[in-house]
Amino acid sequence: MAKVKKIFPVLQMGCAACAARVEKAVQEAPGVVSAAVNFASANLSVEYDSAVTSPEKLREAVRRAGYDLLVADEGTSPDALDEIQKKK
């Protein structure tokens, strides 16, 4: 098992109940070992098996719950991610 720990910004959360829904959706996703959402910082801390899932699959799980996950790709700079998250 190739465990990976990452933090992703979560977009469109308006309350603590939103954070709980996102956390539950990610926890139920295949390959996820642990997940926690911090509403104040709007971040998802997740540990997952990279042989089973990926950031894109985690994003799909969050989108099914009605929110979005900010996943960096090769063309996205850290500054651009910060700006996108500030606009949430």
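Restricting attention to region 40-59, which residues are of a type in the set (Gly, Ala, Ser) and open to solvent by 70 Å² or more (accessible area, probe 1.4 Å)?
Quick first cut of region 40-59, residues of a type in the set (Gly, Ala, Ser) only: 40-42, 45, 50-51, 54.
Within region 40-59, 40, 51 meet the criteria.
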Qualifying position, being of a type in the set (Asp, Glu), under 11 Å from the mean Cα position of the chain (by Cα) and farther than 14 Å from residue 69 by Cβ, among 28, 23, 56, 47:
47
So, in region 1-39, how many residues would count as being under 18 Å from residue 72 (Cβ atoms), surrounded by 14 or more Cβ atoms within 10 Å (Cβ to Cβ) and among the basic types (Lys, Arg)?
1
Pair list, Cβ under 7 Å, 6 or more apart: region 3-19 residue polar (S, T, N, Q), other residue open to solvent by 70 Å² or more (accessible area, probe 1.4 Å)
12/88
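The values are calculated or read from the model by the stated rules, or taken from the named source; none is laboratory data. Nothing here was measured: the structure is a model prediction, and the numbers come from that model. Counting neighbours? That spans all protein chains shown, and the Cβs are built from the backbone with ideal geometry, glycine included. Just the protein is used for accessible areas: all its heavy atoms, side chains included, with ligands, DNA and RNA removed. Shrake-Rupley method; radii C 1.70, N 1.55, O 1.52, S 1.80 Å.
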